[in-house]
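Computed from the coordinates by the stated procedures, all read-outs in this text should not be read as laboratory data. Please read these numbers as outputs of a predicted model, since none were measured by experiment. So basically every Cβ, Gly included, is an ideal-geometry build from the backbone, and we count neighbours across all protein chains shown.
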Amino acid sequence: TLHANDLSKNFGNNLAVNDVSFTLQKGEVLGFLGPNGAGKSTTMRMLTGNLAPSNGSVNVCGYDMVNNPIQAKEMLGYLPEMRPLYKELTVDEFLSIAARFHKIPSSQIFKAVENAKDKCGLSHMSKRLIENLSNGYQQRVGIAQAIIHEPEIVILDEPTVGLDPIQIREIRKLIKQIGKTHSVILSTHILPEVEMVCDRVQIINEGTLVFNGSIEELKRQRRGNKLLVGFSN
C-alpha cells in the first residue's frame, strides 16, 4: 500500500499541490485525473521521491520516503511523462541496464527481461534499436522498465499522451493487465481513460483534490449532464 499524507508543494509563491492525502490499496488501479497544470505530475514526482514535498509525507509499504528512500523506492516502478529511454540501445540492452539499476542479480536478469517483454508485447522487438520503434512501442519499453523488478506499486504519468488511437487502446489494455498483479497509479487528463482502466478515481484541480471515489460514484455524478443540440441544416 501507499499512503500520501497532507502533501503540499510550493514553487516560490505558487502552490502547485495543496494538502493532498490518499491511500492506494493493494491490487487497486487508481486514476489521478485532472486538467493540464492541475498538479498531477508534481504529485507523481513527490510520490516517487523525485521531488521533496514542502509539507507532508509519503509512506510506501511501510517505508517513509524521506527517512528510508532506498527501501521505499525499491517498492516502486515509475514511468514519468518524459520517457527515460536510451534510444541508441536495443530493447534488450536497455531493459538489461534497467534490471541492473533495480539491483536484479546477474543470474536473473535474462529471465526478468524476458518476463517484462512478454507482459508488454515486446518479445519480437528484442534486437530493434529503441529510436527506430514507433511511439507506441517506445511507450511499451517505458512501461517494461517500470515493471521489470516486479515492484509492489507502478506509477504511470500520462502514459497515453502523444499516441494514436490504436496505440492508446493497446496501452490501456496493457495497463489493465498490469493492474491484475500490481497496484497502479495512473495519471491522466482523459476522463474516459479513467473509466475504462481504473477501479477508483481522484480528481485534482489547481493543486487540490476535489473528488475521491469509485468509478460508479463518478458515473452517478455525471448522469443527467446532457446537452441537446439542434441544427437547422
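According to the Kirkwood relation over distinct C-alpha pairs, the hydrodynamic radius of the stretch 100-233 is 17.1 Å. Charges on Cβ only, +1 for Lys and Arg, -1 for Asp and Glu, centred on the Cα centroid of the chain; of Pro151, Gly27, Tyr78, which one is farthest towards the dipole's positive end? Of the options given, the answer is Gly27. Can you give the longest stretch of the chain with no exposed loop site, where a site means chymotrypsin sites (Phe, Trp or Tyr not before Pro) in a DSSP loop (not H, G, I, E or B) with at most 16 other C-beta atoms within 10 Å? That would be 87-230. Loop sites by DSSP among the trypsin sites (Lys or Arg not before Pro) of the chain, restricted to those with at most 10 other Cβ atoms within 10 angstrom, leave 1-102 as the longest stretch without any of them. Set the bar at 29 Å for Cα to Cα. Now go through Lys26/Lys103; Lys119/Lys226; Lys9/Lys173; Lys9/Lys180 and name every pair that lies beyond it. The pairs that break the limit, which is 29 Å between Cα atoms, are Lys119/Lys226; Lys9/Lys173; Lys9/Lys180.
With both residues required to sit in the chain, DSSP beta bridges show an antiparallel share near 55%. Compactness check for the stretch 23-86: Cα Rg over 2.2 N^0.38 Å is 1.17. Counting only Cβ charges, +1 for Lys and Arg and -1 for Asp and Glu, the dipole size of the chain around its Cα centre is about 460 debye.
Across every direction, the projection of the convex hull enclosing the Cα atoms of the chain has a mean area of 15.7 nm². Size check on the stretch 51-111: the Cα extents along the three principal axes, sorted descending, read 41, 28, 12 Å. D by Stokes-Einstein for the stretch 1-107, Kirkwood Rh over Cα pairs, 37 °C, 0.692 mPa s: 212 µm²/s.
Here the label points at Ile166 and Asn14, each 7 Å from Cα along the C-beta direction, are separated by 3.8 nm in the simple model.
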